[in-house]
1. Using alpha-carbon pairs under 8 Å, 6+ residues apart, how would you state the relative contact order of segment 105-172 in percent?
2. Mind checking which of Ser42, Ser54, Ser168 has the largest fluctuation in a GNM of the chain, springs on alpha carbons under 10 Å?
3. Quote the FRET efficiency, to the nearest 0.05, computed for Asn16 versus Tyr85 with a Förster distance R0 of 22 Å and r equal to the Cβ-Cβ distance.
4. Taking neighbour counts of Cβ atoms within 10 Å as a proxy for exposure, in what order, fewest first, do Val110, Val115 appear?
5. For the chain, what does the helix formula give at 222 nm: sum of -39500 (n - 2.57) over DSSP H segments with n ≥ 4, over the residue count, nearest 500 deg cm²/dmol?
6. Between rounded, prolate and oblate, where does the chain land on the alpha carbon gyration tensor, with a ≥ b ≥ c its root eigenvalues, rounded for a/c under 1.5, else prolate if a/b exceeds b/c?
7. Could you tell me what fraction of 2.2 N^0.38 Å the Cα radius of gyration of segment 105-172 comes to, as a two-decimal ratio?
8. Can you give the % of DSSP beta bridges in segment 72-166 that are antiparallel, to the nearest 5?
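A short reminder: the numbers here are calculations on the coordinates, not readings from a lab. Model, not experiment: these values are computed from the prediction. Please note: Cβ atoms are built from the backbone with ideal geometry, for glycine as well, and neighbour counts cover all protein chains shown.
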Amino acid sequence: MGLFAIGDLHFGHSVNKPMDVFGKEWKNHVERIIQNWQALVSEQDTVLIPGDISWGMREGEAKADLMAIDCLPGKKILLEGNHDYWWKSTAKLSRQYPEMIFLKNSCAQVGQLFVCGTRGWTCPNSYLFTEQDRKIYEREQIRLRLSLESAMAKGAEEILLMMHFPPSERQERSIRFSGDYP
């Protein structure tokens, strides 16, 4: 059983928003992701998808993207990203796609490992952080706590934390390495 992770899929089967506007390396990105996924992932594997799954704005626009992911091999655990505006009801998504796990305020078990997570947000120590960000940041802290408490209530001894926004600063400081590092 393998564990894979891939975020920012930005599939757009039902919307006209091609990723190649960001550079030629994005040409046919959906087809390349699907082809590589099928070559690398087996049905016994688990794939973590930490957000920005579809460019669709509404659930109907994301449906083709979710169906494409659902058809791929492996167990899929999805987390909402900041561009996943279509994600309104986790319970409804879970009913529509019972083979995929939509993680929100909860956890998912993979063998002895419990996967917890939340979208996260820009951290207060970032130069980008504003007072408007505070409400979202604090809500994401609550969601993370609920996810971790869910795992602990199930007796989790090993927890893997999945986030869309990494909890790090963006101070744009110069970083110097010593020794053998470039």
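1. For segment 105-172, the relative contact order is 50 percent.
2. For the chain, modelled as a Gaussian network with Cα springs under 10 Å, the answer is Ser168.
3. Once rounded, the FRET efficiency stands at 0.85.
4. Val110, Val115
5. -9500 deg cm²/dmol
6. Cα axes put the chain in the rounded bin.
7. So segment 105-172 has a normalised radius of gyration of 1.24.
8. 30 percent
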